[in-house]
Amino acid sequence: MLDKINSLIEEVKAFDAQTLEEAEAFRVKMLSKKGAIPALFHDFKTVAPEERKEMGKKLNELKQAATDKVNTVKARIEASEGKLKQSADKPDMTMPVNFDPVGTRHPLSVIRNRINSIFQRIGFVISEGPEIEDDWHNFSALNFPEEHPARDMQDTFFVEKSPDIALRTHTSSVQVRVMESQQPPIRTISPGRVFRNEAISARAHCIFHQVEGLYIDEAVSFADMKQTLLHFAREMFGEGTDIRLRPSFFPFTEPSAEMDVSCTLCGGEGCTVCKYSGWLEIMGCGMVDPNVLENCGIDSKKYTGYAFGMGIERIAMIIYQIRDLRMFFENDLRFLKQFEAAT
Ligand code: DAH
């Protein structure tokens, strides 16, 4: 009998169940009227008096262990079923809030917004024009001669020939639209997308972005332009930035210049980014050619003005140290996610 009790104690110890049915079946097997333990109590009557004390103690231990086991297993199963039920029909208010991941602004948008706001703070207003332009607004009004190479199919995407309709090759076309519709004083910047028939590489793309600037009033001088562009350069690239204007040529400005900023990486000392020149070219600029003013119905005897144009990709590449222009257009999330902190 002692063996039987011991083996049942082992069985109780080892028992576990996943469902209430299993636990109940075990209770019936062990503890119900016809179960194994009451049967042992029945047999207990036949035990010799000298063994009774020890045997009785063992038997009670077994009964207690079986009762405890059934109760704890049932309680555990009930508790976990209850939890499942609760989470199915009402939200668990203790769960951490699960924010959906927020998208990031494209680096070109970040830089465009910064350029816009630098000029807006000094009184420039934003103007926009169409991406599909006619020859007049993209070329003729801007003083491009008839045989200018930019008018060639090699450089420009034509939508229609005669009359020439093309994808604008620069945002200077917006200058013309603004001057045709407003009299000075004019202070405007025109951000937008432009198109050129170029082979795609790390340094060129057939689609890119520019910001055009235009300031026209009485007695606007080259010095005004220089001061405004210096202000822009310092706001954009930092207080210590210097600028340099090199003579250049554009059909729509006279005189024309190319503007460089002191290298943002080496501060002018010379490094691989500025190719050891200490300078980075960022825009074209100049005094609006009187022919352009007259083409747009503005009296060139009374008014003068300056214009400038820069590539947004170029500025973004300098600020973020991006070496390949194609990155901006590939929408690789590993690239875009790096601008999470930019606004
Ligand atoms: N439109 C020129 C280009 O796409 C950039 C430019 C140069 C704009 C000089 C201007 C300017 O307004 O004055 O390369």
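A quick yes/no check of all residues on (1) in contact (Cβ under 8 Å) with a residue 12 or more places away in the chain; (2) touching a helix residue (DSSP H, G or I) at 6+ places or on another chain (Cβ under 8 Å); (3) closer than 22 Å to V194 by Cα; (4) not hydroxyl-bearing (S, T, Y):
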residue: C266; (1), (2), (3), (4): yes, no, no, yes
residue: C271; (1), (2), (3), (4): no, no, no, yes
residue: G297; (1), (2), (3), (4): yes, yes, no, yes
residue: M310; (1), (2), (3), (4): yes, yes, yes, yes
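So that you can scan it fast, the table gives a plain yes or no per residue for (1) without any contact (Cβ under 8 Å) to a residue 24 or more places away in the chain; (2) surrounded by fewer than 14 Cβ atoms within 10 Å (Cβ to Cβ); (3) away from the ligand (no atom under 16 Å from the Cβ); (4) among the aliphatic types (A, V, I, L, M):
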residue: D92; (1), (2), (3), (4): yes, yes, yes, no
residue: V97; (1), (2), (3), (4): yes, yes, yes, yes
residue: P145; (1), (2), (3), (4): no, yes, no, no
residue: P149; (1), (2), (3), (4): yes, yes, no, no
residue: T156; (1), (2), (3), (4): no, no, no, no
Got at least one residue in the range 226-244 being within 10 Å of the ligand (Cβ to nearest atom) and at pLDDT 95 or above?
no
Across the range 247-279, the tally of residues that are away from the ligand (no atom under 16 Å from the Cβ) and among the hydrophobic types (A, V, I, L, M, F, W, C) stands at 7
Just name the residue that is nearest to A14 (Cα to Cα) out of those in the range 27-68 that are among the β-branched types (V, I, T) and surrounded by 15 or more Cβ atoms within 10 Å (Cβ to Cβ).
T67
Just a yes or no: is a residue in the range 111-122 over 24 Å from the mean Cα position of the chain (by Cα), closer than 24 Å to T188 by Cβ, charged (D, E, K, R) and within 14 Å of the ligand (Cβ to nearest atom)?
no
Just one of (1) within 30 Å of E235 (Cβ to Cβ); (2) surrounded by 12 or more Cβ atoms within 10 Å (Cβ to Cβ); (3) β-branched (V, I, T) trips up I77, so point out which.
(1)
If the requirement is being more than 14 Å from I118 (Cα to Cα), surrounded by fewer than 22 Cβ atoms within 10 Å (Cβ to Cβ), of a type in the set (V, I, T) and in contact with a Phe, Trp or Tyr (Cβ under 7 Å, 6 or more places away or on another chain), which of these qualifies: V178, V220?
V220
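For (1) buried (at least 21 other Cβ atoms within 10 Å of the Cβ); (2) under 21 Å from F222 (Cα atoms); (3) charged (D, E, K, R), each residue gets a yes or a no:
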{"position": "K275", "(1), (2), (3)": "no, no, yes"}
{"position": "G284", "(1), (2), (3)": "yes, yes, no"}
{"position": "E294", "(1), (2), (3)": "no, yes, yes"}
{"position": "G297", "(1), (2), (3)": "no, no, no"}
{"position": "G309", "(1), (2), (3)": "yes, yes, no"}
{"position": "M327", "(1), (2), (3)": "no, no, no"}
Hand me the list of strands (runs of 3 or more DSSP E) wholly inside the range 118-223 holding 3 or more residues that are touching a His at 6+ places or on another chain (Cβ under 9 Å).
186-195
Would a scan of the range 167-176 turn up a residue that is in contact (Cβ under 8 Å) with a residue 40 or more places away in the chain and in contact with a Leu (Cβ under 6 Å, 6 or more places away or on another chain)?
yes
The range 158-175 - residue that is surrounded by 20 or more Cβ atoms within 10 Å (Cβ to Cβ) and over 18 Å from C285 (Cα atoms) and, of those, nearest to the ligand (Cβ to nearest atom)
R168
With the structure loaded, tell me whether K53 is touching a residue at least 24 places away in the same chain (Cβ under 8 Å) and charged (D, E, K, R) or whether it fails that test.
no
Would you mind stating whether M30 is under 14 Å from L62 (Cα atoms), at pLDDT below 85 and over 60 Å from the mean Cα position of the chain (by Cα)?
no
Only one of these conditions is not met by Y276: (1) of a type in the set (F, W, Y); (2) modelled with pLDDT under 95; (3) within 21 Å of F119 (Cβ to Cβ). Which number is it?
(3)
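The values are calculated or read from the model by the stated rules, or taken from the named source; none is laboratory data. It should be emphasised that the depicted structure is a prediction, and the values quoted were computed from it without experimental measurement. Reconstructed Cβ throughout: ideal geometry from the backbone, glycine too, with neighbour counts over all protein chains shown.
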